[in-house]
Amino acid sequence: MGLLSHRTLDLASAQRIAAACQAAAGALEVAVCIAVSNRNGELLAFSRMDGAPMLSAQLAQDKAWSVASFNGMPTDDWWPILEKEPSLLHGIVKTDRLTVFGGGRPVLVDGELVGAVGVSGGTAEQDTEIAAAGAADSLPS
């Protein structure tokens, strides 16, 4: 019988990612929602900074889910693909929870997807920067 073994984030790592995102958001002076999932897209940690839009709560979770569900593809990598493929654009965007704008980043260890982070509440560029800061500062060396 063949079995696969995969590493995934634990709660302590997810909380470190959320804290790093909060620090990055604070430096940008933007209130955001932050969602951190395991490699399967299951929510591990969530925070909503004071003043973050309520709609951003679900968007942050969907961004993390989108990254985990597509093997670590950052959410902002979708649009360059979709804008050149009309049939894909009109079909895949109907997928529940799929988010195709910035703010979702994979958490990788030695090139292996172990989780994802989603940020929402700022501009797509701010969300992407904050998520990248959390993903980069997530695991101890």
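Values for this structure:
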item: Residues being in contact with an Asp or Glu (Cβ under 8 Å, 6 or more places away or on another chain) and closer than 20 Å to GLU125 by Cβ - total across the range 1-31; result: 5
item: Candidates VAL117, VAL100, filtered to the one that is surrounded by fewer than 24 Cβ atoms within 10 Å (Cβ to Cβ) and at negative phi; result: VAL100
item: Of all residues in the range 15-39 being among the polar types (S, T, N, Q) and in contact with a strand residue (DSSP E or B) (Cβ under 6 Å, 6 or more places away or on another chain), the one that is farthest from GLU112 (Cα to Cα); result: GLN15
item: Hey, GLU83 within 26 Å of ARG48 (Cβ to Cβ) and surrounded by fewer than 14 Cβ atoms within 10 Å (Cβ to Cβ) or not; result: no
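Conditions tested, residue by residue: (1) surrounded by 13 or more Cβ atoms within 10 Å (Cβ to Cβ); (2) aliphatic (A, V, I, L, M); (3) at pLDDT 95 or above; (4) out of contact with any helix residue (DSSP H, G or I) (no Cβ under 8 Å at 6 or more places or on another chain).
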site: ALA12; (1), (2), (3), (4): no, yes, yes, yes
site: GLY41; (1), (2), (3), (4): yes, no, yes, no
site: ASP50; (1), (2), (3), (4): no, no, yes, yes
site: TRP65; (1), (2), (3), (4): yes, no, yes, yes
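The values are calculated or read from the model by the stated rules, or taken from the named source; none is laboratory data. Please read these numbers as outputs of a predicted model, since none were measured by experiment. Every residue, glycine among them, receives a Cβ derived from its backbone with ideal geometry; neighbour counts consider all protein chains shown.
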